[in-house]
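Every number here is computed from the coordinates shown, using simple stated rules; none is lab data. What you are looking at is a predicted structure, and each value in this text was computed from that prediction instead of being measured. Positions of Cβ are generated from backbone atoms using ideal geometry, with glycine treated the same way; all protein chains shown enter the neighbour counts.
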Amino acid sequence: MPTYAVITAADRDQVRAALLRTKVGGYLHTGEGPGSAVLFDRPKPRFGRISRSRILDPAWELAGATKAGAWLLEDDGQCAQVTACYPTGGYLSLGWAAEWTPPEDPARLAAHLRLWRKDCAEIARKTGLSDPDALAEVRNDPAPDGSRIAGEDILRRICALVGAPDLVVGQSLFEQAGPRGRDFERFEARGR
C-alpha cells in the first residue's frame, strides 16, 4: 500500500499546536504510544503538477514548529524513502529501491557503506536520534535466499527508531479519502 505520512518524536500536544498554523490539512494520530504521526492531505497542484517541495513542505514546517526532527515517509511499492527534516532547517533523504542489489566489487561496496553510514550519522545527529548505527542497519540488501525486507517493514523500523506510531505506514491521502483506524483527529489548513 502506498505511504505518504510524517512522524516525529515530538509529543502530540506540541504537534497539535504546530498544526494550528499548517498550510495543509490532514489527520493527527491520537492513539496510545510515544511520538506523533500525521497523514497530510494531498498537496494542491500548481501549474498542473505537485512539486517535490509541496510534498516535503508539511514535514519541513512541522520540524521547524516543534523544534524536533520530522520524518516524511513515502512508499510506492517500488521504492521506500524517508526524508529527515531538521528542526534547524535542511533535510536529507534515504531510499530503499525494491530491486536494490549492493555492488559486488568489495571496494565499491565499502565506499557505498561509508557514504551510507555518513548520511545516517548526519541524520541521527541533526534529528536527535540516539543511535546512528541502528539507522544505518536499516537496509534492504537481499538475503542469501534472495528475499528482502519490504518497503512497509523498512518504514515501520524507522517509526520504531524515531519513537513514533507506525499505524500510518501503508496509508496515503493521495490514495484514500481518510485514515484507516479510529484514533485520528482532523485538522484544517490555514490560509497562506
(request) State the number of residues belonging to the stretch 50-99 that are of a type in the set (Asp, Glu) and farther than 16 Å from residue 139 by Cα. (result) 3
(request) Identify, by number, the condition in (1) within 16 Å of residue 161 (Cβ to Cβ); (2) out of contact with any Leu (no Cβ under 6 Å at 6 or more places or on another chain) that residue 82 doesn't meet. (result) (2)
(message) Tally up the residues in the stretch 135-189 that are farther than 14 Å from residue 96 by Cβ, of a type outside the set (Ser, Thr, Tyr) and not in a helix (DSSP H, G or I), please.
(response) 29
(request) Quickly run through the stretch 20-59 and pick out the residues that are of a type in the set (Phe, Trp, Tyr) and either surrounded by fewer than 20 Cβ atoms within 10 Å (Cβ to Cβ) or more than 15 Å from the chain's Cα centre (by Cα) (or both). (result) 27, 47
(request) Could you please let me know if residue 145 is over 27 Å from residue 34 (Cβ atoms) and either touching a residue at least 24 places away in the same chain (Cβ under 8 Å) or hydroxyl-bearing (Ser, Thr, Tyr) (or both)? (result) no
(message) Given the criteria surrounded by fewer than 20 Cβ atoms within 10 Å (Cβ to Cβ) and among the hydrophobic types (A, V, I, L, M, F, W, C), does residue 65 qualify?
(response) yes
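Across the stretch 155-171, what is the total count of residues that are touching a residue at least 60 places away in the same chain (Cβ under 8 Å) and surrounded by fewer than 20 Cβ atoms within 10 Å (Cβ to Cβ)?
The number of residues fulfilling the criteria is 2.
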